[in-house]
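Structure first, commentary second.
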Amino acid sequence: MGKRAALATYDKEFSFVSPVVKYLLFLFNLIFWMISLVLMSVGIYARMMKHAEAAMACLAVDPAILLLIVGVLMFFITFCGCVGSLRENICLLQTFCIFLTIIFLLQLATGVLGFVFSDKARNKVSEIINNAIVHYRDDIDLQNLIDFGQKEFSCCGGVTYTDWSQNMYFNCTTDNRSRERCSVPFSCCLLSKDEAVINTMCGQGMQELPYLQAGAFIHTNGCIDKLVNWIHSNLFMLGGIALGLAIPQLVGILLSQILINQIKDQIELQNYNLQHRTDPWQ
């Protein structure tokens with residue numbers, strides 16, 4: 001009765017729902033909703049630009065598919081947040097909050113498990129890289145991504161440069177009639193900064209050379225070790241990125257919970273006022 005009596009003293013125009021919280025949550029979701037539209041557009045465009053046969057051959061390692069999945073998921077979650085905050089809909093806001101909490105917990109669990117089970121995580125990364133090598137020529141986006149990684153980390157293949165024999169075009173078997181037989185991509189090559197024109201055939205026949213001889217022309221170390229070393233050297237930066245991703249999620253969860261509680265209080269106030277207008281004896 002104490003709370004009801006306090007509610008009765010408020011003006012009829014009073015609302016527990018704060019416009020600041022409401023529109024701040026709406027703006028927060030609107031920004032990420034627009035980002036999701038960009039991701040979806042880029043993913044759809046990238047898929048449409050590919051040949052159907054090549055696109056279907058490597059769905060599991062297609063960067064365009066990853067963009068589409070992330071874009072669609074963001075679109076659904078932020079849509080719930082936008083409409084839920086504007087319409088003060090508890091169901092949509094709870095859906096937004098639950099999905100955001102699940103994603104945050106999954107990210108946290110992935111980071112912890114990746115650190116604790118580093119060997120298994122390394123094997124999984126090796127599997128992904130080897131699968132990408134197999135489909136190197138099937139997808140131009142994947143090809144550009146691998147070339148960028150090999151140039152950036154000065155590496156070649158997964159464990160070593162001979163891993164490129166897993167690809168049907170670079171395979172070193174005698175029955176392989178490809179012109180790229182026993183070769184490696186040009187991104188493996190030791191390129192001079194003075195070279196104005198890149199020799200894209202510089203990796204020709206490198207898999208046939210012994211390790212030391214090949215090292216004079218290409219990067220012979222694999223990308224997995226280079227990637228692991230880079231992660232160990234940039235733990236603080238990666239931690240900052242992880243924190244930067246976590247903060248917007250936590251802000252969204254906090255704002256949605258505050259707005260949900262305010263809406264519930266407002267509903268209780270409306271029900272109380274309605275009851276006292278219809279029942280003069282209360």
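The slack between Asp147 and Val38, meaning 0.36 nm per residue of separation minus the straight C-alpha distance, is 36.8 nm.
Over the residues of the chain, the helix contribution to mean residue ellipticity at 222 nm works out to -22500 deg cm²/dmol, using -39500 (n - 2.57) for each DSSP H run of at least 4. Sorted largest first, the principal axis extents computed over the alpha-carbon atoms of the chain equal 98, 39, 36 Å. Spacing of the modelled spin labels on Asp175 and Gln107, each 7 Å from Cα toward Cβ, amounts to 4.9 nm. Given Cα positions, please report Rg to Rh for the range 56-157, the hydrodynamic radius being the Kirkwood one. Looking at the range 56-157, the ratio lands at 1.11. Principal axis extents of the Cα atoms in the range 195-256, from largest to smallest and rounded to whole angstrom, are 60, 27, 18.
Taking the Cα centre of the chain as origin and assigning +1 to Lys and Arg Cβ atoms and -1 to Asp and Glu Cβ atoms, the resulting dipole is close to 620 debye.
For the chain, the fraction of 1.4 Å probe accessible surface lying on carbon and sulfur atoms is 67 percent.
Spacing of the modelled spin labels on Gln166 and Tyr211, each 7 Å from Cα toward Cβ, amounts to 1.9 nm.
Each Cα pair under 8 Å and six or more residues apart adds its separation to the average, and for the range 137-282 the resulting relative contact order is 22 percent. Scanning residues 5 or more positions from Asn221 or on other chains, those with amide H under 5 Å from its amide H are Cys156, with H placed 1.01 Å from N in the peptide plane. For Met48 and Val116, what does the FRET efficiency come to when R0 = 45 Å and r is the distance between their Cβ atoms, rounded to the nearest 0.05? My answer for the efficiency is 0.65.
Look at the alpha carbon pairs under 8 Å that are at least 6 residues apart: their mean separation over the length of the chain gives a relative contact order of 21 percent.
Each Lys and Arg Cβ is given +1 and each Asp and Glu Cβ -1; about its Cα centre, the range 109-261 then shows a dipole of about 200 debye.
The values are calculated or read from the model by the stated rules, or taken from the named source; none is laboratory data. Since this is a predicted model, take the numbers as computed values, not measurements. Backbone-built Cβ (ideal geometry, glycine too); neighbour counts: all protein chains shown. Remember, those area values only see protein heavy atoms, side chains included, never the ligands or the DNA or RNA. Shrake-Rupley method; radii C 1.70, N 1.55, O 1.52, S 1.80 Å.
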